[in-house]
Amino acid sequence: MVSDPSNDERAAVALAALESQEKYHDHPDGLGEMIVSLVTDLLHLAREKYIEPDYVIHTAQMHFDAEVQEEMKNGGQDSNLSQP
């Protein structure tokens, strides 16, 4: 039986996706803006594929919140959050 990935593993997958995109290398505004750009590109993809971007954002936020809650319930540490 395969277990769900940890939040650290999810973050590593996201970083690999970000690093795989040539245009994100050497982004002048730092990691925060690189992530925003990738999320924006994913929303464009959703729209192109007839998936409502607001649905994607809302559902992703619900998944994120549930995954963080699960991590905290299982003894995870609160991460240091920063905004650009």
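Each value in this text was obtained by applying a stated rule to the coordinates, not by laboratory testing. Given the structure is predicted, the values throughout are model-derived calculations rather than measurements. For neighbour counting, all protein chains shown are included, and Cβ atoms are generated from backbone atoms with ideal geometry for every residue, glycine included.
If you add up the charges near Ile35, with Lys and Arg at +1 and Asp and Glu at -1, over every other residue whose beta carbon is less than 12 angstrom from its beta carbon, what do you get? Mind dumping the intermediate values first?
On the way: positive: none; negative: Glu19, Asp29, Glu33, Asp41.
Within the 12 Å Cβ shell, the charges total -4.
In a simple Cβ point-charge model (Lys, Arg +1; Asp, Glu -1; nothing else charged), region 28-73 has a dipole of about 120 debye relative to its Cα centre. Here region 28-73 is treated as a sphere whose radius is the Kirkwood value from Cα pairs; by Stokes-Einstein at 10 °C and 1.306 mPa s it diffuses with a coefficient of 133 µm²/s.
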